[in-house]
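Structure provided below as structure tokens; questions to follow.
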Amino acid sequence: MTLDSLLVETLAHAARAPFYRQLWRDRWRSITGVEQLARLPSIDKPTASKHQAALIVGVRPAGVGVVSSGTTRGEQYTDPLNVPRTAAELSAAASSASVPLDERGWTLSVVSVHHGLPKRLEGKNEIMLPWLHDANALAMLETTLRAPQPDGRRVTAMVMGSGPIKVFTSYLAERRVDPKTFGIELIGTFSYRLSSTWTAIVEERFGAKVFDNYSLSEFPTPFTTCEACGWLHAGQPPMVVELLSLDSDTPAKRGAGRLVFTSLVPWVTTMPLIRYETGDIAIAGPVCKATGQSGLKVLGRRRHGLELDGAFVLNAVDVRDVLERFTETEKTLHPMTRLGHVKSIDVGPPRWAIAEEDGRAVLRFEVRFDPDVYRRRAAELEAEVARQVCELDPLTRRFAGRNRSRLRVHAVRSQSLKALSERYD
Ligand SMILES: [Zn+2]
């Protein structure tokens, strides 16, 4: 089946849901492929959440609703989006899912239970363990990894949230346990992107290769880093991925765009999501020699970035990446540090805020020293952070202009900002 024919079949199916029937009328009938998908409107998460009962095709299956993550305390509250999955959908997704990272041993999947129970069954060579803010989570991980399983095979691959891997790495270091002795070769991360600094730390400590994953709880398809091009490619099961302009529903020409996804049958049937706004911004990479597709780099949540002159001029992913390179930048204490399970004050997200002031982009970040006393060091840090953010993001560089005159960076005192509420689970 081609993507076009899967889409046609999906639209005929989705048109049976009361929400789409009313929104589309008969418009879906003229669509014969992905090229014409733009004839249908996109929907965002608050809309989908509000109308979730009407998004279901047929009768809602009992007892399979799963709460999607992403509602952070302190941010505007939207109803959680429950994406029900039937047993048939789960097995369709599982049969097309990418094979466990390493067939020779076990793959340990660490599930963040506060995001809801896993929506799929344990794979053939897979061990699932829960992550929670408790000493038991750390102890269970360590005992599972330190010795072979009863069948004689060890865990050789691990998939874990980027927050938990930072906490676990620090925990092992504090206990003088050498993670290289575990024999893990591949580590996949999910949730927010693991910064370049932490990727290097984890790779060095575990002696393993780290792969970044991007996925949404609403969709069964993960994106993983490509070894050939270094960008993210969509995995299995297939879906339609669109990158739309910041201000219209036409394809993004160059620069950053909104990521919009469409699920496909037979992998998603109960609650089809058609042209669903992820809320994330991404840029498209060059066409990859290995896969023939152009990859993506996800720049984080649209609401966490700064838009000026119609461009996405500062993004949360690159700002965080740069701030984590410096030991002097302040971090929000991770709950596992606050509770005393680990001692590290560096496993939480850096504390920063961005704003537009007089047509300039302004980035403020907290430091662990008094920037008014140690002025020279504060100035050095400010210049370094500005230089490195521009180096990572061509959009920031282009906006900042010559001498970076349109980008202002300020080091400020600890706890003086209303820091962006970022996930640290
Ligand atoms: Zn590639």
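The values are calculated or read from the model by the stated rules, or taken from the named source; none is laboratory data. Quantities reported herein were computed from a predicted structural model and do not represent experimental measurements. FYI the Cβ positions are ideal-geometry reconstructions off the backbone, even for glycines, and counts take in every protein chain you see. Each accessible area value is taken on the protein alone, full model and side chains, heavy atoms only, with ligands, DNA and RNA left out. Shrake-Rupley method; radii C 1.70, N 1.55, O 1.52, S 1.80 Å.
Between a residue in the stretch 216-234 that is of a type outside the set (A, V, I, L, M) and any residue that is more than 16 Å from the ligand (Cβ to nearest atom) and in a strand (DSSP E or B), which pairs come within a Cβ distance under 6 Å, given they are 6 or more apart or on different chains?
Every condition considered, the pairs that remain are Phe219/Phe261.
Let me ask something additional. Is there any pair linking a residue in the stretch 278-289 that is in the same structural domain as Pro394 (by TED's automatic domain parsing) to one that is within 12 Å of the ligand (Cβ to nearest atom) and open to solvent by less than 10 Å² (accessible area, probe 1.4 Å), with Cβ under 9 Å and at least six apart or on different chains, and which?
Within 9 Å, no pair qualifies.
Filtering the stretch 288-319 down to residues that are in a helix (DSSP H, G or I) and open to solvent by 20 Å² or more (accessible area, probe 1.4 Å), which residue is farthest from the ligand (Cβ to nearest atom)?
Looking only at the stretch 288-319, we keep the residues that are in a helix (DSSP H, G or I), and these are 302-304, 316-319.
Cutting the leftovers down to open to solvent by 20 Å² or more (accessible area, probe 1.4 Å) gives us 302-304, 317.
On the way: Arg302: 25, Arg303: 29, His304: 26, Val317: 19 Å.
This residue is Arg303.
Just give me the residues in the stretch 183-212 being within 16 Å of the ligand (Cβ to nearest atom), farther than 21 Å from Arg301 by Cβ and charged (D, E, K, R), in sequence order.
Lys209
Shifting gears a bit: Can you pull out the residues in the stretch 187-207 that are touching a residue at least 60 places away in the same chain (Cβ under 8 Å) and either open to solvent by 40 Å² or more (accessible area, probe 1.4 Å) or farther than 17 Å from Pro222 by Cα (or both)? So that I can check it myself, show each step before the final result.
Start the filter on the stretch 187-207 by keeping residues that are touching a residue at least 60 places away in the same chain (Cβ under 8 Å), which leaves 188, 191-193, 195-198.
Once the filter is applied, which keeps residues that are touching a residue at least 60 places away in the same chain (Cβ under 8 Å) and either open to solvent by 40 Å² or more (accessible area, probe 1.4 Å) or farther than 17 Å from Pro222 by Cα (or both), the stretch 187-207 yields Arg193, Ser195, Ser196, Thr197, Trp198.
Name, by its number, the condition in (1) closer than 30 Å to Leu141 by Cα; (2) open to solvent by 10 Å² or more (accessible area, probe 1.4 Å); (3) at pLDDT 95 or above that does not hold for Thr332.
With (1) closer than 30 Å to Leu141 by Cα; (2) open to solvent by 10 Å² or more (accessible area, probe 1.4 Å); (3) at pLDDT 95 or above applied to Thr332, the lone miss is (3).
Listed here are the residues, each with its yes/no results for (1) farther than 30 Å from Ala383 by Cβ; (2) in a loop (DSSP other than H, G, I, E, B); (3) not aliphatic (A, V, I, L, M).
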position: Gln236; (1), (2), (3): yes, yes, yes
position: Val241; (1), (2), (3): yes, no, no
position: Ile283; (1), (2), (3): no, no, no
position: Arg325; (1), (2), (3): no, yes, yes
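Here's another thing I want to ask about it. Scanning for something open to solvent by less than 40 Å² (accessible area, probe 1.4 Å), assigned by TED's automatic domain parsing to the domain that holds Gly163, under 21 Å from Pro266 (Cβ atoms) and modelled with pLDDT of 65 or more, does the stretch 105-123 turn up at least one residue?
If we filter the stretch 105-123 for residues that are open to solvent by less than 40 Å² (accessible area, probe 1.4 Å), which is where we start, we get 105, 107-112, 116, 123.
In the following step, the residues that additionally are assigned by TED's automatic domain parsing to the domain that holds Gly163 were identified as 105, 107-112, 116, 123.
Subset that is under 21 Å from Pro266 (Cβ atoms): 123.
Subset that is modelled with pLDDT of 65 or more: 123.
Within the stretch 105-123, one or more residues are open to solvent by less than 40 Å² (accessible area, probe 1.4 Å), assigned by TED's automatic domain parsing to the domain that holds Gly163, under 21 Å from Pro266 (Cβ atoms) and modelled with pLDDT of 65 or more.
Also, I was wondering about something else. Within the stretch 213-229, how many residues turn out to be within 16 Å of the ligand (Cβ to nearest atom) and open to solvent by 30 Å² or more (accessible area, probe 1.4 Å)?
Adding up the residues that qualify gives 6.
Okay, next question. May I ask you to list the residues in the stretch 260-287 that are open to solvent by 20 Å² or more (accessible area, probe 1.4 Å) and in contact with a Leu (Cβ under 7 Å, 6 or more places away or on another chain)? Before you say what the answer is, go through the steps one by one.
The first filter runs over the stretch 260-287 and keeps only residues open to solvent by 20 Å² or more (accessible area, probe 1.4 Å), leaving 266-267, 269, 277, 279, 283-284, 286-287.
Result: Ile283, Ala284.
List pairs: first in the stretch 345-369 and open to solvent by 10 Å² or more (accessible area, probe 1.4 Å), second aromatic (Phe, Trp, Tyr) and not in a loop (DSSP other than H, G, I, E, B), Cβ under 7 Å, 6+ apart or cross-chain?
From residues that are open to solvent by 10 Å² or more (accessible area, probe 1.4 Å), the pairs are Arg351/Phe365; Arg364/Trp352.
Follow-up. Quick check on the stretch 238-252. Is at least one of its residues over 24 Å from Ile43 (Cβ atoms) and away from the ligand (no atom under 16 Å from the Cβ)?
If we filter the stretch 238-252 for residues that are over 24 Å from Ile43 (Cβ atoms), which is where we start, we get none.
No, there is no match, as no residue in the stretch 238-252 is over 24 Å from Ile43 (Cβ atoms) and away from the ligand (no atom under 16 Å from the Cβ).
I would also like to ask the following. Please determine, by comparing only the residues of the stretch 276-287 that are over 13 Å from Val317 (Cα atoms) and within 20 Å of the chain's Cα centre (by Cα), which one is nearest to the ligand (Cβ to nearest atom). Before the answer, list the steps.
Narrowing the stretch 276-287 to residues over 13 Å from Val317 (Cα atoms): 276-279, 284-287.
With the extra rule that they be within 20 Å of the chain's Cα centre (by Cα), the set shrinks to 276-279, 284-285.
Details: Tyr276: 24, Glu277: 25, Thr278: 20, Gly279: 25, Ala284: 12, Gly285: 8 Å.
Among those that are over 13 Å from Val317 (Cα atoms) and within 20 Å of the chain's Cα centre (by Cα), it is Gly285.
Any residue in the stretch 14-39 that's more than 21 Å from Ser245 (Cα to Cα): show its pairings with residues that are aromatic (Phe, Trp, Tyr) at Cβ separation under 6 Å, as long as the two are six or more apart or on different chains.
Pairs found: Ala14/Tyr20; Ala15/Trp28.
For the stretch 127-233, which helices (runs of 4 or more DSSP H) that fit wholly inside it have 2 or more residues that are within 17 Å of Asp346 (Cβ to Cβ), assigned by TED's automatic domain parsing to the domain that holds His114 and at pLDDT below 95? Please lay out each step first, then the result.
Values: elements: 135-146, 162-174, 196-206.
The helices (runs of 4 or more DSSP H) meeting that bar are 162-174.
Then there is this: Here is a check on your reading of the model: is Leu232 more than 14 Å from the ligand (Cβ to nearest atom) and touching a Lys or Arg at 6+ places or on another chain (Cβ under 9 Å)? Please lay out each step first, then the result.
Numbers: more than 14 Å from the ligand (Cβ to nearest atom): no; touching a Lys or Arg at 6+ places or on another chain (Cβ under 9 Å): yes.
So Leu232 does not fit the description; no.
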